[in-house]
Structures are given as structure tokens and as C-alpha cells.
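See below for the structure under consideration.
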Amino acid sequence: MADLEKMLQDASSEIQACNTQNELNEKKAFYLGKKSPLNEIMKQMATLSIEGKKELGQKVNAFKTKIEELVVVRRKELEQIAINEKLMSETIDVTMPGKVLNTGSIHPLNKVIDELNTIFIGMGYNVAEGPEVEIDKYNFEMLNVPVGHPARDMQDSFYITEETLLRTQTSSVQVRTLLEAKGKPIKIVCPGRVYRRDDDDATHSHQFMQIEGLVVDENITLSDLKGTLQKVMEKMFGSDRKIRFRPSFFPFTEPSVEVDVSCFKCGGKGCPICKKSGWIEILGAGMVHPNVLEMAGYDSTKMRGFAFGIGVERVTMLRYGIDDIRNFYIDDVRFLNQFKKGE
Ligand code: PHE
């Protein structure tokens with residue numbers, strides 16, 4: 001009997017020491033299975049009286065029941081330990097700093113276009129867009145640049161067929177808008193990409209952006225153009241900016257002007273940005289050529305207009321002190337990330 005007590009003590013501590021369900025199963029099988037040390041004790045049965053047999057039988061059964069109970073208790077404990085470990089490993093520490101999501105930023109060219117659009121919308125303009133693959137007729141012919149005109153050389157093009165090309169200027173939207181408006185007044189800006197067969201260097205790119213303006217109405221004069229551009233340059237480059245016109249040539253405007261803005265860096269005294277001249281060349285403009293109006297069905301004796309074309313890269317480079325136009329198109333995040341501020 002003493003053996004049984006001792007065995008129960010051993011079994012109890014061994015079961016308690018099991019650390020996995022497998023160990024526990026093995027231990028249970030050891031004490032309750034065919035090769036159990038109980039068998040040795042059972043051998044004593046034959047030598048016992050009826051009373052003795054009964055007593056031993058009860059003790060053995062009680063032993064088995066006790067083992068079953070101990071196993072169940074330990075099994076529950078092990079399950080609980082596993083759950084606790086899982087919970088611990090999955091705990092969310094709400095005081096940990098969050099993950100910083102890598103967000104993109106608005107491209108500097110789009111920033112400047114947005115800004116210019118906003119200025120023009122504030123002055124009553126609509127924003128118009130047109131296709132980048134354009135027909136020769138709208139890109140050149142109806143802008144008073146017939147086939148063979150030398151001005152075509154200034155805008156060497158990427159032709160897709162004889163009649164279609166990647167537009168070389170957003171002025172093609174001028175033609176489209178004039179045709180759509182059917183003789184009515186117009187006040188639009190058209191931002192967008194244009195293409196020319198240029199060798200790429202620090203100031204030239206075969207792809208760049210323009211924003212063109214077109215105003216057509218009955219009494220439009222060159223001074224309307226000057227007043228408009230003066231206001232826009234003040235808004236873009238500071239309220240004490242001045243502008244000046246220099247005579248120039250564009251086939252679709254007459255007279256044509258090159259517009260300079262007084263240097264925003266030195267205020268006109270002369271510095272490296274304005275190449276010591278005090279002035280920065282910023283855009284081309286002029287009064288819409290009567291031929292362009294007539295070709296689009298306007299009566300050029302009644303309606304007149306002005307147009308201007310701003311190089312978006314140039315304005316952006318001046319605005320942010322960028323010295324190489326190629327930065328805009330090489331998608332280097334180190335360059336682009338600098339424009340995140342203030343978004
Ligand atoms: N389209 C001209 C260019 O690309 C710019 C311009 C637009 C000039 C409108 C005058 C009027 O060079």
C-alpha cells in the first residue's frame with residue numbers, strides 16, 4: 001500500500017512537471033497503460049484475502065481516478081499558459097511611435113501650374129485642355145504657319161504621321177477654342193505638355209510644359225495684355241515686380257512681344273540670376289494675328305484678342321532656384337521630396 005502512496009506522489013510531481021501536451025500524454029500512458037508500474041502492485045492480489053483484495057482494488061481505482069484528474073488539471077494549465085504566451089506576444093503597445101507612411105508630393109511643375117491656374121481663375125479665366133497628339137492644322141497651319149514656313153524650324157517636331165505630331169505648343173488649344181466658340185468672346189488659359197526635337201541640356205528638354213492664355217473680345221488692346229501680365233507677375237514674384245515689353249516675332253501674333261520681369265532676387269540692380277541685366281525673360285505674347293481670327297471664323301474687324309505663352313519650367317526654376325531642367329523629368333525622389341513642405 002505504501003508503494004501506491006509513493007507512486008501517487010511521484011506521478012503527481014511528474015505530471016506537474018510536464019511542459020507540453022505530448023509529455024503529458026506520455027506520462028498518462030505510462031501510469032494507466034499496459035506497462036504501468038501498477039501491474040507490479042496488482043500481482044500482490046493473488047496473495048490477499050477477500051477483504052484485502054477489495055481494499056487494494058479500491059485503492060488502485062482511486063489511484064487511476066486521481067491520475068486522470070491530475071492530467072486534466074495539468075492539461076488545462078498548459079492550455080492556459082499557451083494562451084497567455086500568445087496574448088503576450090500579440091500585445092499592442094499603444095505607446096509605441098506609429099509607422100511613418102511614405103507619402104508622395106505634388107510635382108513642382110504641377111504646383112506652379114495649380115498656382116497659375118488659381119491666379120487666372122481669380123481673374124475670370126476658364127481652364128481649357130487639348131490633346132498632346134495634335135493635327136498639323138491646329139498646331140501650325142491655323143496659327144498662320146503654313147507648310148514650308150520658316151517658323152516651323154524653331155519648333156522641330158516629333159511627327160507621328162504626315163498630319164499628326166506631338167504638339168509643339170499649347171497654342172493649338174487656341175485654335176480648338178476659337179473654333180468651338182464660333183465667334184463669341186473667349187477668356188481661357190491652357191496648361192499642358194508640349195514636345196520639341198531639342199537636345200536635352202540644363203535649360204532645354206524635348207518635353208516641357210506651357211500655359212497659354214487667350215482673350216478675345218471686342219475692345220481688347222495691347223494695354224489689356226500688359227495690365228494682365230503685370231498683375232500675374234506681381235502675384236507670382238512679388239508685389240513690387242515690374243514688367244517690360246520687347247518687340248519680338250510669333251507668326252500667330254502681331255505685334256508680338258517678349259516679356260521680361262524685373263529680377264525678384266536683386267530688384268533690378270543686377271545679379272547672377274538676371275545675368276546682371278536686372279530683367280528676366282519670362283514669356284512670349286502678342287495681339288492675335290487677324291489671319292488666325294479669320295481662319296477660325298471670327299470677323300477680325302470687330303473682334304480682337306491677345307495671347308501669351310508661359311514656360312512653366314522656367315517659372316518653376318526661377319521660383320525654387322533650380323538650375324537644371326532635367327531634374328523635373330528624372331523622377332529622383334530626393335529632388336521631389338524637397339517640395340513636400342507646406343502641403
Ligand atoms: N506658342 C509660343 C511658343 O511656344 C508662345 C506664345 C504663345 C507666344 C502665345 C505668343 C502668344 O513659343
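Please count how many residues of the stretch 74-88 are open to solvent by 80 Å² or more (accessible area, probe 1.4 Å) and among the β-branched types (Val, Ile, Thr).
So the count comes out to 1.
So if I check each of Thr103, Thr91, which one is exposed (fewer than 10 other Cβ atoms within 10 Å of the Cβ) and more than 30 Å from Leu24 (Cα to Cα)?
Of Thr103, Thr91, the one residue that is exposed (fewer than 10 other Cβ atoms within 10 Å of the Cβ) and more than 30 Å from Leu24 (Cα to Cα) is Thr103.
Only one residue in Thr103, Thr95 is closer than 30 Å to Ile325 by Cβ and either modelled with pLDDT of 95 or more or hydroxyl-bearing (Ser, Thr, Tyr) (or both). Which one?
Working: Thr95 fails: closer than 30 Å to Ile325 by Cβ.
Selected residue: Thr103, the only one of Thr103, Thr95 that is closer than 30 Å to Ile325 by Cβ and either modelled with pLDDT of 95 or more or hydroxyl-bearing (Ser, Thr, Tyr) (or both).
Can you name every residue in the stretch 137-188 that is in contact with a strand residue (DSSP E or B) (Cβ under 7 Å, 6 or more places away or on another chain), within 11 Å of the ligand (Cβ to nearest atom), outside any loop (DSSP other than H, G, I, E, B) and not small (Gly, Ala, Ser)?
Within the stretch 137-188, Asn139, Val173, Gln174 meet the criteria.
For a quick check of your reading of the model, give me the residue pairs whose first member lies in the stretch 123-137 and is closer than 20 Å to Phe158 by Cα and modelled with pLDDT of 95 or more, whose second is open to solvent by 50 Å² or more (accessible area, probe 1.4 Å) and not in a loop (DSSP other than H, G, I, E, B), with beta-carbon atoms closer than 6 Å and at least 6 apart or on different chains.
As it stands, the answer is Gly130/Arg176; Glu132/Arg193, since those pairs meet every condition given.
For the stretch 312-332, indicate whether the set of residues that are within 15 Å of the ligand (Cβ to nearest atom), out of contact with any strand residue (DSSP E or B) (no Cβ under 6 Å at 6 or more places or on another chain) and open to solvent by 40 Å² or more (accessible area, probe 1.4 Å) is non-empty. Write out each step before concluding.
Of all residues in the stretch 312-332, those within 15 Å of the ligand (Cβ to nearest atom) come to 312-315.
After this cut, where a residue has to be out of contact with any strand residue (DSSP E or B) (no Cβ under 6 Å at 6 or more places or on another chain) as well, the list is 314-315.
Now restrict to residues that are open to solvent by 40 Å² or more (accessible area, probe 1.4 Å): 314.
Among the residues of the stretch 312-332, at least one is within 15 Å of the ligand (Cβ to nearest atom), out of contact with any strand residue (DSSP E or B) (no Cβ under 6 Å at 6 or more places or on another chain) and open to solvent by 40 Å² or more (accessible area, probe 1.4 Å), which makes the answer yes.
Checking the conditions here, which among Lys276, Lys340 is at pLDDT below 90, among the charged types (D, E, K, R) and open to solvent by 40 Å² or more (accessible area, probe 1.4 Å)?
On inspection, the qualifying residue turns out to be Lys340.
Listed here are the residues, each with its yes/no results for (1) surrounded by 13 or more Cβ atoms within 10 Å (Cβ to Cβ); (2) closer than 25 Å to Lys76 by Cβ; (3) touching a Ser or Thr at 6+ places or on another chain (Cβ under 9 Å).
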residue: Met7; (1), (2), (3): yes, yes, no
residue: Lys35; (1), (2), (3): no, no, no
residue: Lys53; (1), (2), (3): yes, no, no
residue: Phe63; (1), (2), (3): yes, yes, no
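Out of the residues in the stretch 205-259 meeting the condition of being part of a loop (DSSP other than H, G, I, E, B) and within 13 Å of the ligand (Cβ to nearest atom), tell me which one is farthest from Gly124 (Cα to Cα).
Per the stated criteria, the residue is Pro251.
Could you give every pair whose Cβ atoms fall below 7 Å, whose first residue belongs to the stretch 251-278 and is hydroxyl-bearing (Ser, Thr, Tyr), and whose second residue is within 14 Å of the ligand (Cβ to nearest atom) and open to solvent by 40 Å² or more (accessible area, probe 1.4 Å), counting only separations of at least 6 or pairs across chains?
Final answer for the pair search is Ser256/Ser248; Ser256/Phe249; Ser256/Phe250.
Output the qualifying pairs, or none if there are none: Cβ atoms under 7 angstrom, residues six or more apart or on different chains, first residue in the stretch 163-179 and closer than 14 Å to Phe306 by Cα, second residue open to solvent by 10 Å² or more (accessible area, probe 1.4 Å) and in a helix (DSSP H, G or I).
Within 7 Å, the pairs are Val175/Tyr138; Val175/Met142.
Identify, from the list Thr168, Thr177, Thr203, Thr164, the residue that is open to solvent by 40 Å² or more (accessible area, probe 1.4 Å) and of a type in the set (Val, Ile, Thr).
Answer to the selection: Thr203.
Considering every residue within the stretch 40-48, establish whether at least one is open to solvent by 70 Å² or more (accessible area, probe 1.4 Å) and modelled with pLDDT of 85 or more.
Yes, the stretch 40-48 has at least one match.
Since Ile273 meets every condition but one in (1) assigned to a strand (DSSP E or B); (2) closer than 23 Å to Phe208 by Cα, which condition does it not meet?
All conditions are met except number (1).
The values are calculated or read from the model by the stated rules, or taken from the named source; none is laboratory data. The model shown is predicted, which means the values in this text are computed figures rather than measured ones. Using ideal geometry, Cβ is built from the backbone for each residue, glycine included, and neighbour counts are taken over all protein chains shown. Remember, those area values only see protein heavy atoms, side chains included, never the ligands or the DNA or RNA. Shrake-Rupley method; radii C 1.70, N 1.55, O 1.52, S 1.80 Å.
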